[in-house]
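The values are calculated or read from the model by the stated rules, or taken from the named source; none is laboratory data. None of the values given here were measured: they were computed from a predicted structure. Here the Cβ positions follow ideal geometry from the backbone for every residue, glycine too, while neighbour counts run over all protein chains shown. We work out accessible area using only protein heavy atoms, side chains counted, and drop any ligands, DNA or RNA first. Shrake-Rupley method; radii C 1.70, N 1.55, O 1.52, S 1.80 Å.
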Amino acid sequence: MTAKKQLQGEVFYPSAEVVEKARLKDWEATAQWAAEDLEGFWASEAEELEWYKKWDQVLDDSKAPFYKWFVGAQTNIVHNAIDRHLKTWRRNKLALIWEGEPGDSRAISYHGLNREVNQFANILKAMGVGKGDRVTIYMGRIPEIMFAMLACAKLGAIHSVVYGGFSVDALQGRIDDSESKVVITADGGWMRGKIVELKQIVDEAVKHSPSVQTVIVVKRTGQEVYMETGRDYWYHDLAQLPIANGDCETEKLDAEDPLFILYTSGTTGTPKAILHTHGGYMVGTSTTLKYVFDLQDDDRWWCAADPGWITGHSYIVYAPLVLGATSFMYEGAPNYPYPDRWWKLIAKYGLSVFYTAPTAIRGLMRFGESWPNRHDLSSLRLLGSVGEPINPEAWKWYHRVIGGERCPIMDTWWQTETGNFMITPTPVVPLKPGSGTRPFFGQEAEILDDDGNLVADGEEGYMVLKHPWPAMLRTIYKNPDRYVEQYWSKYPGYYTTGDSAKRDSDGYFWIIGRVDDVIKVSGYRLGTAEIESALVSHPAVAEAAAIGLPHDVKGQAIHAYCILRAGVGAAPALADELIQHVSDHIGKIARPEEITFVDKLPKTRSGKIMRRLLKARALGLDEGDTSTLED
Ligand code: PRX
């Protein structure tokens, strides 16, 4: 941005050096072009990629909100992520550098990646996986998760990656809902020096599965695991078979063919499967990564998320490969064996662009500056933040201690549903700590009140997006009505984000948080309904309510209120048991911080739990409008 205007508040302007290196120097000009010609902007980005057949129409909004992008085009994201690079010098460029928690490492070129993905795809094909079939992937952060995802995409199969930290119920629900034929997992994974028992959890989860025929197991830890004859196969055994050899043709797909589903928590009920497609997602994710993190051929990019979340899908797996970049992936915990593991990795591999979540920054900040200060972090040139609002204190620590005051921080606001960054700076945009600045090219956001009126600058309201974008979700898998209802019905014509936010007088957006029953714990998205249903599945609990309360490191922590069944005593040991119960069912990330036993829960006359009231009471805040309270 060529900011002539004086911006309000605390502002960090990009240095001459940053501007010099940035591929896009005039933010305003591109923003203006995209605002005037949305389709033209995206078409020109799409032109930079290869298509088997070009589109007849950029955007079809005739059946909005069921938008279609690059209508009539044929492609496959794998063609752009791998195949096209093989024809260039990038064939021998590193696609992925990986380090395991125990310290083992691998480096994989685009040529090597192609070989691995072909092998995986050949095996899946031999197992009967084809276009449109669903495959669940449940693994840790090892290169094979990437190979497996790309292999599915290559065949036109739809992957459903379930984060390796989820437990039995969460996994089972997602396998069953997606009716996956095949589950891909590993014998285990390394985390804080211990083994995560992935295969054991899969065994439990598929015990009664009506759809799963095959489980493919990648050897990671080497410990003994149960293998069911006729269902479970070691990946390395399959790889020895002649069927695994040779190239596997990349399936020519329609731009609108599904690429993956990814389950995420919503307002009510069970997690919903967000569906993304090949064409628009490929264009949107690669364009945003190119402009926002400005990846150049000499960069080494580290998105420290997990491939099991949208951040990992878009910015570990797909967009960096489409751009022909070199990515880094690390298997384990940031503070293992010592709190400087991440900083050590940056120095060891000379990583230049680093992207993580505020919760991780706050967690590592606690250990003090001496840990990062032991390492040479001068290879870094840009930093990023995602997943929750970053508090200015953490922003400044990140900027000063990790970024040496020379690396701008790209605070990117987006969602599983949006597929790519939506509110974000680029390196030349002046930054305000805690604000994601302004919407990306071709997008506008508004802040509305309950009735759909625009609120004044500086006032809080519901954040909505105004225009369709290529990487937007297409629907909720198997539930188009819920798609319309959830995202497009509150304010017709706008995409409802579910977040509250403010816009300041410079047009900068400040995200406050979710307005629905979603809790963000350490950046992980959890629904109150999931936690509550795990609690009531325990024989001692009659009713439960979960809320998120502020937490110094996690952003928010889960607090649960339980009504016990008649005759059950409210012992502290029971609270611990219930916390463990939730963890066993959903995963450690859903562990309540605290459980309070109560006799009653505040409800509306129609019987809905008033979580807002529980929250206000816990925080000692004004209870607001209680006229609908039952009692
Ligand atoms: O509340 C917003 C918050 O994360 C939500 C989306 O969560 P999920 O689908 O899991 O995707 C997270 C990674 C893209 C949003 O509705 N959120 C995400 N990024 C930011 C954020 N809140 C504030 N600032 C951000 N940069």
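Some points to look at:
- Residues of segment 563-597 that turn out to be in a loop (DSSP other than H, G, I, E, B) and open to solvent by less than 40 Å² (accessible area, probe 1.4 Å), as a count: 2
- The residues of segment 492-545 that are hydroxyl-bearing (Ser, Thr, Tyr) and either under 21 Å from the mean Cα position of the chain (by Cα) or outside any helix (DSSP H, G or I) (or both), listed by number, are 494, 495, 496, 497, 500, 505, 508, 522, 524, 528, 537.
- Residues that are open to solvent by 20 Å² or more (accessible area, probe 1.4 Å) and closer than 19 Å to residue 212 by Cβ, drawn from segment 132-143: 132, 133, 134
- Restricting segment 411-440 to residues that are in contact with a Leu (Cβ under 8 Å, 6 or more places away or on another chain) and open to solvent by 10 Å² or more (accessible area, probe 1.4 Å) leaves a set whose member that is nearest to the ligand (Cβ to nearest atom) is 416.
- Applying the criterion of at least 1 residues that are touching a helix residue (DSSP H, G or I) at 6+ places or on another chain (Cβ under 6 Å), surrounded by 15 or more Cβ atoms within 10 Å (Cβ to Cβ) and of a type in the set (Val, Ile, Thr) to the helices (runs of 4 or more DSSP H) found wholly in segment 1-87 leaves 77-81.
- In segment 230-256, the residues that are open to solvent by 80 Å² or more (accessible area, probe 1.4 Å) and modelled with pLDDT of 95 or more reach residues that are in a loop (DSSP other than H, G, I, E, B) and of a type in the set (Phe, Trp, Tyr) with C-beta atoms within less than 8 angstrom, at least six apart or across chains, in these pairs: 252/52.
- Residues of segment 376-397 that turn out to be away from the ligand (no atom under 13 Å from the Cβ) and either open to solvent by 50 Å² or more (accessible area, probe 1.4 Å) or not in a strand (DSSP E or B) (or both), as a count: 9
- Any hit, segment 315-323, residues being assigned to a loop (DSSP other than H, G, I, E, B) and modelled with pLDDT of 95 or more: yes
- Those residues of segment 443-468 which are open to solvent by 10 Å² or more (accessible area, probe 1.4 Å) and under 23 Å from residue 311 (Cα atoms), in sequence order: 443, 444, 466, 467, 468
- Extreme residue, nearest to the ligand (Cβ to nearest atom), among residues of segment 477-504 that are under 23 Å from residue 58 (Cα atoms) and touching a Leu at 6+ places or on another chain (Cβ under 7 Å): 495
- When 259, 275, 295, 289 are checked against the criterion of being among the hydrophobic types (A, V, I, L, M, F, W, C), over 26 Å from residue 191 (Cβ atoms) and out of contact with any helix residue (DSSP H, G or I) (no Cβ under 8 Å at 6 or more places or on another chain), a single residue qualifies: 275.
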